[in-house]
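The values are calculated or read from the model by the stated rules, or taken from the named source; none is laboratory data. No experiment lies behind these values; they were computed from the predicted model shown. Cβ sites come from the backbone with ideal geometry, for glycine too, and all protein chains shown count toward neighbours. The area values use the complete protein model at the heavy-atom level, side chains included, leaving out ligands, DNA and RNA. Shrake-Rupley method; radii C 1.70, N 1.55, O 1.52, S 1.80 Å.
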Amino acid sequence: MMSIVAILLVAAAAAVQAFPSLSARQSIMALTTSQIDSFTPYTYYASAGYCTNVQTLAWNCGTNCNANPGFKPVASGGNGDSVQYWFVGYDPTLDTVIVSHQGTNPSEILPLITDADFFLTSLDPTLFPGISSNIEVHNGFKDDQASTATDVLAAVESAMSTYGTTSVTLVGHSLGAAITLLDSVYLPLWLPEGTTFQTIGYGLPRVGNQAFADYVDAHVHLTHINNKEDPIPICPGMFMGFVHPAGEVHIEDSAEWAACSGQDNPSTQCIVGDVPEIWDGNESDHDGPYNGIEMGC
Ligand SMILES: *[C@@H]1O[C@H](CO)[C@@H](O)[C@H](O)[C@H]1NC(C)=O
């Protein structure tokens, strides 16, 4: 089994290298220092996703909570084991509802996205009414999102009405970023027209197929930030039919943040070109630092 996977990985890498003009054509822009700094409150919210539901509901979780001191928690849940922790609340400075999902460490997420047990499957039409069955996602991520979806929706509705805002920002790291991306497709189907959404994922693995990536590009305002040689964002492999939506920002070894255009930009300034294979990656890059912030509570 491993040898077939290895052959497919080599074939996938060869396919990317067969189109060098792609990387020349797709532009890479460096973010300014103030653009990089503008992510900081969201990075802390993603990191706070690792804190327990009790800590985030009280907004008493040390550094991650103190970084956004005005936050008004509304609801939290999960158990940090079978269900990732999550929280919802309102940030008066940013005037937006925040939705955050807990991530996990490389040793727990890598088996989820590299072993042979996962598959692409359609979204549940009960949760995702009107979404085409051609849109397919990782079955494990689908189940994880489904387990908290309706609780998260109720909390967002409550936060929007309590604080009178129409802005919702979704954040998450790792597995939390994958759940967050599915929430970013789910919540707009249920919230009033005129609600504005923004999604910021850190160390996001590939979540779905080409149709999913295209849907996200058309409907979700997404930024997904990849740190250096983190191997998680190149999994599951493109050879398995998984595609990243656009919106990548790649933190380079120089600490420059590169905005990578398009889906799975093959430039060496972006994660696909920088980490062609899992063994080119460095798992310790997964948790950060993202502009000085290490993920975790
Ligand atoms: C992996 O990354 C860590 C943190 O950036 C670094 O200290 C270490 O030297 C890297 N390991 C390799 C093999 O490059």
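Remark: Glu108 matches the filter, which requires a residue to be open to solvent by 30 Å² or more (accessible area, probe 1.4 Å), at pLDDT below 95 and of a type in the set (D, E, K, R). Each residue in the range 267-297 was checked for being away from the ligand (no atom under 11 Å from the Cβ), under 18 Å from Ile36 (Cβ atoms) and open to solvent by 60 Å² or more (accessible area, probe 1.4 Å), and 3 of them qualify.
Selection over the range 56-71 of residues that are open to solvent by 50 Å² or more (accessible area, probe 1.4 Å) and under 24 Å from His286 (Cα atoms) gives a count of 2.
Which one is farthest from the ligand (Cβ to nearest atom), of the residues in the range 208-234 that are among the charged types (D, E, K, R) and open to solvent by 10 Å² or more (accessible area, probe 1.4 Å)?
As a first pass, look at the range 208-234 and keep what is among the charged types (D, E, K, R): 214, 217, 228-230.
Going one step further and asking which of them are open to solvent by 10 Å² or more (accessible area, probe 1.4 Å), we end up with 214, 217, 228-229.
Details: Asp214: 34, Asp217: 31, Lys228: 7, Glu229: 7 Å.
Checking each candidate, the answer is Asp214.
Please verify whether the range 124-142 includes one or more residues that are without any contact (Cβ under 8 Å) to a residue 12 or more places away in the chain, over 19 Å from Gln263 (Cα atoms) and among the small types (Gly, Ala, Ser). Yes, the range 124-142 contains a residue that is without any contact (Cβ under 8 Å) to a residue 12 or more places away in the chain, over 19 Å from Gln263 (Cα atoms) and among the small types (Gly, Ala, Ser). Within the range 172-207, the residues that satisfy the criterion of being β-branched (Val, Ile, Thr) and either outside any loop (DSSP other than H, G, I, E, B) or surrounded by fewer than 22 Cβ atoms within 10 Å (Cβ to Cβ) (or both) are Ile179, Thr180, Val185, Thr195, Thr196, Thr199, Ile200.
Of the helices (runs of 4 or more DSSP H) lying entirely inside the range 49-114, those containing at least 3 residues that are β-branched (Val, Ile, Thr) span 106-114.
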